[in-house]
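The values are calculated or read from the model by the stated rules, or taken from the named source; none is laboratory data. All figures in this text were calculated on a predicted structure; none of them were measured in a lab. With ideal geometry, Cβ positions are generated from the backbone for all residues, glycine too; neighbour counts draw on all protein chains shown.
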Amino acid sequence: MRLEHLLVKKHLVIISTFVIVAFAFCLFIKANAGWSVPMGEQTDGYELIFEDHFNGNQLDTARWSIPPRGNSTWSRWISKDKRVVEIKKGKLTCRALPNKDRSQDSATMLTGAIWTKDKFAFKYGRVEVRMRTNLQPGNFPAAWMGRQWGKGNVPPYGEIDIVEMVGNDRKARHAFHTEYTTKTPKHGIKNSFMEQVEVNKWHIYAIEWTPEYIHWSVDGKITGRHHKPKTGNVQNEWTFDVPFYLLLNQSIMHGVYGIKADLDKTYETQFDWIKVYQKSYE
């Protein structure tokens, strides 16, 4: 009887181990694959309309371009230097690196960014991006979206941050900005959300954007919610009923909020893929 009992116990341990391993494998597949819907097919009413796995060795210029240098924290050192936007082995790497030769460019750092402005924009949908970054003081990468302005038409400001990382605090930061939140310091609207995440490891960051709400998630877990207001200055509080473009970038937060970056170091963020799904809301 004792031998029989031991054999049964051994078999139960083997079966339990198999179940645990299988479950873990399924979670791994889910975390790495996103929805994995072939282009044109549908899931829950959503159809995959855009995806880039960054294969090959150069940027797909039919979809992406390099934004111009600007005055904002994310854009002040944008460069067309090939080292700051690199596609290799199925990954897009955006970097911020010291500018050691200022004979042609006086910028302190050179930073990488790409966007789909004027090439691809969409209104409402689900966006997923698989990415990871390094952990360094002053680090400031992001995957986000901006309003696709029409020619000669400057509408109220709108921005959806799928995810931002700041420094080495291991937090995923989600946010939205509108004409109202940017011009009304004490607006009283919760427009940012944070989730503890090992941002130096691969994760899938996503938004679901509809005519009524925006939800943020990390690896399928909802981490933030914002709903369209029913009253108040709706036009300026909810500026998300127009097409938006995609933007991926690596910058540094130096001299902002008292944060100092190491201007002698290289910062980098890797993007594995980005996907956009859409469905009809008619």
Looking at Pro156, Pro137, which one is in contact with a helix residue (DSSP H, G or I) (Cβ under 7 Å, 6 or more places away or on another chain), farther than 25 Å from Ile49 by Cα and not aromatic (Phe, Trp, Tyr)? Pro156
In the range 77-126, which residues are part of a loop (DSSP other than H, G, I, E, B) and touching a residue at least 40 places away in the same chain (Cβ under 8 Å)? Trp77, Val84, Gly90, Thr108, Thr116, Lys117, Asp118, Lys119, Phe120, Ala121, Lys123, Tyr124
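Inspect all residues belonging to the range 137-152 and state whether any of them is out of contact with any Phe, Trp or Tyr (no Cβ under 9 Å at 6 or more places or on another chain), among the polar types (S, T, N, Q) and either assigned to a strand (DSSP E or B) or surrounded by fewer than 22 Cβ atoms within 10 Å (Cβ to Cβ) (or both). Steps first, please.
At the first step, the residues of the range 137-152 found to be out of contact with any Phe, Trp or Tyr (no Cβ under 9 Å at 6 or more places or on another chain) are 137, 149-152.
After this cut, where a residue has to be among the polar types (S, T, N, Q) as well, the list is none.
Scanning the range 137-152, I find no residue that is out of contact with any Phe, Trp or Tyr (no Cβ under 9 Å at 6 or more places or on another chain), among the polar types (S, T, N, Q) and either assigned to a strand (DSSP E or B) or surrounded by fewer than 22 Cβ atoms within 10 Å (Cβ to Cβ) (or both), so the answer is no.
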Applying the selection to the range 77-104, what residues are over 20 Å from Asp262 (Cβ atoms) and among the charged types (D, E, K, R)? Lys80, Lys82, Glu86, Lys88, Lys89, Lys91
Of the residues in the range 170-181, those that are surrounded by fewer than 17 Cβ atoms within 10 Å (Cβ to Cβ) and either touching a Ser or Thr at 6+ places or on another chain (Cβ under 9 Å) or modelled with pLDDT under 90 (or both) number 0
Here are the criteria: (1) more than 29 Å from His254 (Cα to Cα); (2) of a type in the set (Lys, Arg); (3) touching a strand residue (DSSP E or B) at 6+ places or on another chain (Cβ under 6 Å). Tell me which single one Arg69 does not satisfy. (1)
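Among the residues in the range 54-62, are any over 21 Å from the mean Cα position of the chain (by Cα) and at pLDDT 80 or above?
Within the range 54-62, the subset over 21 Å from the mean Cα position of the chain (by Cα) is 56-57.
Subsequent filtering for residues that are at pLDDT 80 or above retains 56-57.
Among the residues of the range 54-62, at least one is over 21 Å from the mean Cα position of the chain (by Cα) and at pLDDT 80 or above, which makes the answer yes.
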Determine which single condition Phe244 fails, assuming it passes every other condition in (1) of a type outside the set (A, V, I, L, M); (2) out of contact with any His (no Cβ under 7 Å at 6 or more places or on another chain); (3) surrounded by fewer than 19 Cβ atoms within 10 Å (Cβ to Cβ). (3)
